[in-house]
Each structure stands twice: as C-alpha cells, then as structure tokens.
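J.: This structure is in structure tokens; I'll ask about it shortly.
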Amino acid sequence: MSDSKPEVRLLFSSPYPIWHVVSSPDGLTKPDVEIFQILMSLEGQGLLPKDVVCSDYRCVSIDRLPVIVNNGIDVFPTNSVIYVDFPDKAFEYGGWPKVLLVLNSKQLSPTWEEVEVTASAEKLEAIRKTHRTEILSEDGSKYWFSRLHEDDPKVTTAYERLYAKYIPGDAQSALIAAFVFAGSEWSPQSSHAL
C-alpha cells in the first residue's frame, strides 16, 4: 500500500458519485491504495454519507461501468443475485482496471431465508414469490428458500449465507458511490467505458 495520498478524481456526481482513483495493482488485482482512508476522507468532506464504511462492496470489471452508470448495478435484471463483502474480499474480483461499488446494506436482502415448516401458508407463499428454490432440511423441520438455482453449488452453503444478496428495490438508490481503480492515463472516453 502506498503511504502517499491517492489522487481521486470525480467523474460524475449524479445520480450517484463515480470517482477515478489513480492507482496501479498491488499484486494481481488489489489496488495500491487504502480504500477506507479514501472513504473516510470523502465522508469527512460531506461527499459521502455518514458511516459509509459500514456498506457492502462489490468489484467488477471496468467494462461493466456503462451498465452501472445506467442501472446502479452491474447485473440485469437489477434484482439478480450479487455477491458482496468488505473491500478486501471484493478486490479479489474484477481484474484490472476495476470498479468498486459501494452499496447501501439496508437496501440489500439476503438471497436465502430459512423457515420452519410450521410457518403459515401465507408466509410460505409470500416467500415462494421471490425465492424460486425450496429445499427441505434433512430432519424435515425447515425449508431453505433461495434465489439461487437448486443446482448452484453455493445454495445452502456458508458462501450463500455470507455473501449472496440481491436488491429488491431500486438499484440506483442502493448505489452509494462507485470507484474506478485505474492508472492516471485512464479516462472514460479513451477506454470507451461510457
């Protein structure tokens, strides 16, 4: 990690800010800057909401930037399953250069719900409307509902419990900010990212 203060350039401010953090990869994909220092600095200047560090983070390839600008998230439909965590884990994905999404944790929902089989028919039917996979526990006492396909190797695993989420509402309001991590020569125009 670099001890010098990184250069952070505002690319867009509306409907959510998108910054370019001038950086290079430290290793294969992790930037040579400290993201929490950047977040705290921008929060202190009133450019990000208070407690932004308590958000969920997702990294994707730079080629997803136009979709993010238009939709607030890199997937379509916007309520598709995404995987989020703290920046250190998120930075493992997306190659280089990459985009880090800062998402409002309160506007994301887990892809799964575990329910007693004795739950009301109304509750079970409501869950089935948003979670296509239904797995009965080995002892027959609970249902595991998931938005993942039943053949997905992550369904019912700790990985799903910890990282799998979706945005049930407006993805543009769930996105707090996005950060492009790329060298100083990068620009949205030169890379045809937008």
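J.: Taking only the alpha carbons of the range 62-137, what extent do you get along each of the three principal axes, in Å, biggest first?
T.: So the three principal-axis extents are 49, 26, 21 Å.
J.: Taking K142 as the anchor, which lysines have their alpha carbon closer than 22 Å to its alpha carbon, excluding any fewer than eight residues away along the same chain?
T.: The qualifying lysines are K123, K129, K154, K165.
J.: Lysines within cross-link reach of K5: Cα-Cα under 30 Å, excluding same-chain residues under 8 positions apart?
T.: Candidates past the 8-residue exclusion: K30, K50, K89, K98.
J.: Here is a follow-up. If one takes the longest principal axis of the Cα atoms in the chain, at what angle in degrees, from 0 to 90 and to the nearest 10, does the Cα axis of helix 121-130 lie?
T.: 30
J.: Summarise the accessible area of the range 4-125 (1.4 Å probe, protein heavy atoms) by the percent that is carbon and sulfur.
T.: C and S fraction of accessible area: 53 percent.
J.: In nm, to one decimal, how far is the S137 label point from the E34 one, both placed 7 Å along Cα→Cβ?
T.: Modelled inter-label distance: 4.4 nm.
J.: Only helical DSSP H runs with n ≥ 4 go in: add -39500 (n - 2.57) per run for the chain, normalise by residue count and round the 222 nm mean residue ellipticity to 500 deg cm²/dmol. All intermediate terms of the calculation are to be shown ahead of the outcome.
T.: Details: 6 runs with 41 residues, N = 194.
Per the formula, -5000 deg cm²/dmol.
J.: Would you grab the residues whose amide H sits under 5 Å from the one on L11? Only those 5+ places off in sequence or on another chain, please, with H modelled 1.01 Å from N.
T.: I18, W19, H20
J.: Working from Cα positions, state the angle (0 to 90°, nearest 10) between the long axis of helix 35-44 and the longest principal axis of the chain.
T.: Roughly 80 degrees between the two axes.
J.: So with the 1.4 Å probe, I'd like the accessible area per residue for the range 76-175, rounded to whole Å².
T.: Numbers: 5460 Å² over 100 residues.
Heavy-atom SASA per residue in the range 76-175 reads 55 Å².
J.: Here's a follow-up. Quick one: Cα centre-to-centre distance for the range 49-101 and the range 112-138, in angstrom?
T.: 29
J.: Next question. State, to one decimal in nm, how far the label point of V53 lies from the label point of F86, with both points 7 Å from Cα in the Cβ direction.
T.: Taking the two extended label points, one gets 1.0 nm.
J.: With each pseudo-label sitting 7 Å past Cα toward Cβ, what's the S24-S41 distance in nm, one decimal?
T.: 1.9
The values are calculated or read from the model by the stated rules, or taken from the named source; none is laboratory data. Since we're looking at a predicted model, the values are computed, not measured. All Cβ positions, glycine included, derive from the backbone under ideal geometry; neighbour counts span all protein chains shown. Side chains are part of the model used for accessible areas, which takes the heavy atoms of the whole protein and leaves out ligands, DNA and RNA. Shrake-Rupley method; radii C 1.70, N 1.55, O 1.52, S 1.80 Å.
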